[in-house]
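Some notes on the structure that comes next.
The values are calculated or read from the model by the stated rules, or taken from the named source; none is laboratory data. Being a predicted model, the structure only gives us computed values, none of them experimental. Neighbour counts run over all protein chains shown; Cβ positions are idealised from the backbone, glycine included. Only protein heavy atoms, including side chains, enter the accessible area calculation; ligands, DNA and RNA are left aside. Shrake-Rupley method; radii C 1.70, N 1.55, O 1.52, S 1.80 Å.
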Amino acid sequence: MIESYIRDVPDFPKPGIVFKDITPLLQDPAGLALSIDELSKLIDPSEYDLICGIESRGFIFGTALARQLGKGFIPIRKPGKLPWKTESESYELEYGQDTIEIHIDAVREKKRILIVDDLLATGGTMEAAIKLVRKIGGIPVAAAVVIELGFLAGRERLGDVPTHSLLVYS
Ligand code: AMP
């Protein structure tokens, strides 16, 4: 059971936030295998061509899933990290703004993309990732996360892109 591997860390990184720590899941061989196996079953792999992972915990699950299914992997990164030409998208945080970037040639026209992250909270990060994929000509067919904070209703921001999660806290 995925839930048994998730550690709640109160007041991290700031007061009032309960951080969902996935490191116990990753460090246990059975937990890591379970998470990748279960992610691979959420969406039929024939429905997408490539996997996009969001920095940084989306890289862990996204790359392992891509390797397991024989797909390629595309990183969506924080500003200034990608060496080639980028497209970027900014979004609102509780306090201030954040930006994510993707290489402009990461996706060939009309490739179908699964976007992966560890956790969906307000949905702002995933919404920006969906916009980025569209900006460079890809088709975001679905979003997959290990954990969804259902009470924040993040999936409602993702429009017609279906969201799949292994564990929902409601
Ligand atoms: P959001 O844009 O609000 O959906 O936030 C999602 C991003 O923030 C993901 O990349 C998560 O890794 C991180 N995040 C937000 N809230 C939490 C939380 N309670 N525990 C762990 N990570 C979180």
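Structure notes:
- Only strands (runs of 3 or more DSSP E) whose full extent lies in the range 1-67 are considered here, and the ones with at least 1 residues that are farther than 30 Å from Ile139 by Cα are 7-10, 18-21.
- Residues located in the range 109-126, provided they are open to solvent by less than 50 Å² (accessible area, probe 1.4 Å) and of a type in the set (Val, Ile, Thr): Ile113, Ile115, Val116, Thr125
- Only one entry of Gly138, Gly70 meets the criterion of being on the phi > 0 side of the Ramachandran plot and more than 14 Å from the chain's Cα centre (by Cα), and that entry is Gly70.
- Count of the range 81-100 residues, restricted to those that are open to solvent by less than 70 Å² (accessible area, probe 1.4 Å) and farther than 23 Å from Leu152 by Cα, is 4.
- Counted residues, the range 142-159 - those being in a helix (DSSP H, G or I) and of a type in the set (A, V, I, L, M): 2
- Among the residues making up the range 104-137, a single one is in contact with a helix residue (DSSP H, G or I) (Cβ under 6 Å, 6 or more places away or on another chain) and polar (S, T, N, Q): Thr122.
- None of Ala64, Ala129, Ala106, Ala142 is more than 14 Å from the ligand (Cβ to nearest atom), open to solvent by less than 20 Å² (accessible area, probe 1.4 Å) and farther than 22 Å from Asp8 by Cα except Ala142.
- Residue within the range 93-100 that is farther than 25 Å from Asp8 by Cβ, in contact with a helix residue (DSSP H, G or I) (Cβ under 8 Å, 6 or more places away or on another chain), within 16 Å of the ligand (Cβ to nearest atom) and not in a strand (DSSP E or B) present: no
- The range 13-59 - residue that is within 16 Å of the ligand (Cβ to nearest atom) and more than 28 Å from Glu101 (Cα to Cα) and, of those, least open to solvent (accessible area, probe 1.4 Å): Pro24
- Count - residues of the range 109-126 that are near the ligand (Cβ under 10 Å from one of its atoms) and not polar (S, T, N, Q): 8
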